[in-house]
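Right, one structure below, let's go through it.
The values are calculated or read from the model by the stated rules, or taken from the named source; none is laboratory data. Since this is a predicted model, take the numbers as computed values, not measurements. Every residue, glycine among them, receives a Cβ derived from its backbone with ideal geometry; neighbour counts consider all protein chains shown.
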Amino acid sequence: MKTTYSRTFLTATVVLLLALLMVGIFLRALLDDYLTDNAFDRLKQDAQVISDLAVAYYAEDTVSSMDFLINLDIAGQVSEADAVICDGQGQIILCSEDPLGCDHQGLAVGQDYLNKVLSTGSSADTGVIQGLYEDNRFVYGMPIRLSDGKVLGIVIVSQPVTATKAVLHKMTDLFILLSVLVVLVSVLIIGFFVNKQSNPLRHMAKTARAFGHGELDARVEIHDDYTQEVSELALAFNNMASSLQKSEYQRQEFVANVSHELKTPMTTIGGYIDGILDGTIPPEKARHYMQIVSDETKRLSRLVRSMLDISQLQTEAGIPEEKKTRFDLEEAAGQVLITFEQKINSKGVEVEVEMPEHPVFTFANQDYVTQVIYNLLDNAVKFCPTGGTLGVRIREGGSKAYISIYNDGETIPPEELPLVFDRFHKIDKSRSQNRDGWGLGLYIVKTIVCSHGENISVSSRNGRTEFTFTMPLVI
């Protein structure tokens, strides 16, 4: 398996090598053109000098002055080029290798080449001069003309290509050497920085493995030298880990709470059934204890229904539009309030209702909203003291409808308010003393409201507790 380090290192190295290769090819081509042009420029200058010398020492159509021969020899030695002078028919009459007598004298250049030099005024070529030189050469030819335009012949100046190529090879070798050094230094630098960039990823992978093995407090340390992307990734990982840790703790707490809540009724049911079966409970009391068993069974059934409701809401992750309808909140609240008439009257509770005189319509799941109102009213009636006050208020504000349910009673401590919507949370710490609920009612309420994309809040002060939730207001 390729690591990020190896892939990044290999990619950077290949890119560097390709860049150096392209630069090397480009520079070699430029250098080759420069050296070639420079060689022809020098040959042109030499040819021009020799042509001018020939014209200066011309006498009676012959070039025989000893001064000219000496100058020709000096010019050839200084320029390090070979020069030959041909007459108008292309016959070689003088050579810089030995002006007094050379093996090349008497030879002739091709008529085509002679015509080319005379017609164009010059000729720059690269190749082999057959009969004169066997090696590859830069060759420059120029006619020797008098001031009246008469052509005495041509001068051909040449030098071996190997001298220029030797310079090119030396420059190439130097470039290769420098490239090797650059690659070595770059590899070290790239390796250092790639390794530095890979370390945070390896650390995150190590932390993820530790988290996966149950170390829920494992987190990635974020350092100042991390890049922005790595820092964001580490921060996202830590946030995810914190969320998963919280979820795991909630799951553990949920299992513990469910186990605790189930233990008492299951023990009660089992004990009473065993007592009836083995005769410990006399027959005349069997009906009384069977009623207790029935009540406990119903409580367990309510717990299962509540858990199913919560599971369904959390699975849907929001109320689908097709399950929403337009209905009147005032009518829904009034119908729920009527169901508590007997309990309200038995406690002598005074009911305050504050609603607009016109219908207040919303677009939501009517069954779920009714359940929210029912659960809140159930708590309000349960915790309202005898002769106390209970109220339902609906008001409009902007695009929202605000539904408030309040009751008199003990003030909820401020530190308890953020916890009232938690699963299995009860204000009364002696959980087994409150046999009327499981501590899931308000958790279901908040889950339903949040599933609609709305909010719910609670306040408790001066002996009055009030729950307020919102729903969308429609026409």
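Considering only segment 332-390, state which residues are buried (at least 19 other Cβ atoms within 10 Å of the Cβ), of a type in the set (V, I, T) and touching a Gly at 6+ places or on another chain (Cβ under 8 Å).
V349, the sole residue that qualifies.
Scan A210, A234, A205 and give me the residue that is surrounded by fewer than 14 Cβ atoms within 10 Å (Cβ to Cβ) and more than 30 Å from L20 (Cβ to Cβ).
Only one candidate passes the filter, namely A205.
Within segment 139-153, take every residue that is outside any loop (DSSP other than H, G, I, E, B) and modelled with pLDDT under 90 and give me the one that is surrounded by the most Cβ atoms within 10 Å (Cβ to Cβ).
G153
Among the residues that make up segment 44-67, is at least one of them part of a helix (DSSP H, G or I), over 30 Å from K196 (Cβ atoms) and at pLDDT below 70?
Checked segment 44-67: at least one residue is part of a helix (DSSP H, G or I), over 30 Å from K196 (Cβ atoms) and at pLDDT below 70.
To keep it simple, each residue is scored yes or no on (1) of a type outside the set (D, E, K, R); (2) modelled with pLDDT of 70 or more.
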residue: L69; (1), (2): yes, no
residue: A83; (1), (2): yes, yes
residue: I92; (1), (2): yes, yes
residue: D98; (1), (2): no, no
residue: G101; (1), (2): yes, no
residue: G106; (1), (2): yes, yes
residue: N115; (1), (2): yes, yes
residue: L118; (1), (2): yes, yes
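For P414, only one of the following conditions fails: (1) surrounded by 13 or more Cβ atoms within 10 Å (Cβ to Cβ); (2) outside any helix (DSSP H, G or I); (3) modelled with pLDDT of 85 or more. What is its number?
For P414, the failing item is (1).
Can you list residue pairs whose Cβ atoms sit under 6 Å apart, with the first residue in segment 158-178 being of a type in the set (S, T, N, Q) and in a helix (DSSP H, G or I) and the second being crowded, with 16+ Cβ neighbours inside 10 Å and at pLDDT 85 or above? Count only pairs 6 or more apart in sequence or on different chains.
T164/L35; T164/A39
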